[in-house]
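Peer 1: Here it is: the structure, laid out below.
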Amino acid sequence: SDEVNVSAFKNELDENVRIFGNDLQTLQMRITQSERESEALKAEQRYEASLVYRIDQKTPCAGCGQLVLSRRNAIFFRRCRHAYHTTCFRRGCINVLVAKQLLDQN
């Protein structure tokens with residue numbers, strides 16, 4: 001009778017260890033998947049952050065020197081970090097074209 005109880009206990013313990021091992025494997029797979037998803041989200045956030053250009057409220061217009069956010073429409077160049085009021089940018093482009101035409105005439 002004691003041998004039967006010990007044998008039953010051993011079998012139950014073996015089964016519980018097997019179930020626990022399976023649970024650990026499942027948890028490890030979930031952790032690995034969560035880590036992959038977390039890295040993918042971080043990469044996506046880095047990419048999205050690279051698309052956003054944050055401009056300081058005190059950034060001057062490269063054309064007129066006034067605060068670029070003082071007007072509704074502005075143009076921003078991410079690489080060089082220049083900011084222009086749209087009208088100042090257009091005026092600058094026209095001035096460059098006129099100067100080029102004058103130089104070409106001489």
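Peer 1: With the Cα gyration tensor of the chain in hand, give its eigenvalues times 5 under a square root as the equivalent ellipsoid semi-axes, listed largest first in whole angstrom.
Peer 2: On the way: eigenvalues 1110, 41, 9 Å².
Over the Cα atoms of the chain, the ellipsoid semi-axes are 74, 14, 7 Å.
Peer 1: Once you keep just the Cα pairs under 8 angstrom separated by 6 or more residues, what percentage relative contact order results for the chain? Don't skip to the answer; put the middle values down first.
Peer 2: Numbers: 51 pairs, mean separation 14.7, N = 106.
Here the relative contact order equals 14 percent.
Peer 1: If R0 is 30 Å, what FRET efficiency do you get for Asp56 and Thr32 from their C-beta distance, rounded to 0.05?
Peer 2: Values: r = 42 Å, r/R0 = 1.40.
Working from the Cβ atoms, E equals 0.10.
Peer 1: If the chain between Tyr47 and Ile75 were fully stretched, how many nm would it gain, using 0.36 nm times the residue separation less the Cα-Cα distance? The partial results should precede the final answer.
Peer 2: Working: separation 28, 0.36 × 28 = 10.08 nm, distance 2.16 nm.
Gain on stretching Tyr47 to Ile75: 7.9 nm.
Peer 1: Whenever you get a sec, compute what percent of the accessible area on the chain sits on carbon and sulfur atoms (1.4 Å probe). Could the numbers behind the result be given before it?
Peer 2: On the way: 5190 of 9450 Å².
Taking all protein chains in place, the chain shows 55 percent carbon and sulfur surface.
Peer 1: In degrees from 0 to 90, rounded to the nearest 10, what is the angle of the helix 2-51 Cα long axis to the longest principal axis of the chain?
Peer 2: Approximately 0 degrees, to the nearest 10.
Peer 1: Roughly how many Å² is the accessible area per residue of the chain, as a whole number, for a 1.4 Å probe?
Peer 2: 89 Å²
Peer 1: Near Lys10, within a Cβ-to-Cβ distance under 14 Å, what is the net charge of the other residues, with Lys and Arg +1 and Asp and Glu -1?
Peer 2: Values: positive: Arg18; negative: Asp2, Glu3, Glu12, Asp14, Glu15.
With Lys, Arg at +1 and Asp, Glu at -1, the net is -4.
The values are calculated or read from the model by the stated rules, or taken from the named source; none is laboratory data. Because the structure is predicted, anything quoted here is derived from the model rather than measured. Counting neighbours? That spans all protein chains shown, and the Cβs are built from the backbone with ideal geometry, glycine included. The area values use the complete protein model at the heavy-atom level, side chains included, leaving out ligands, DNA and RNA. Shrake-Rupley method; radii C 1.70, N 1.55, O 1.52, S 1.80 Å.
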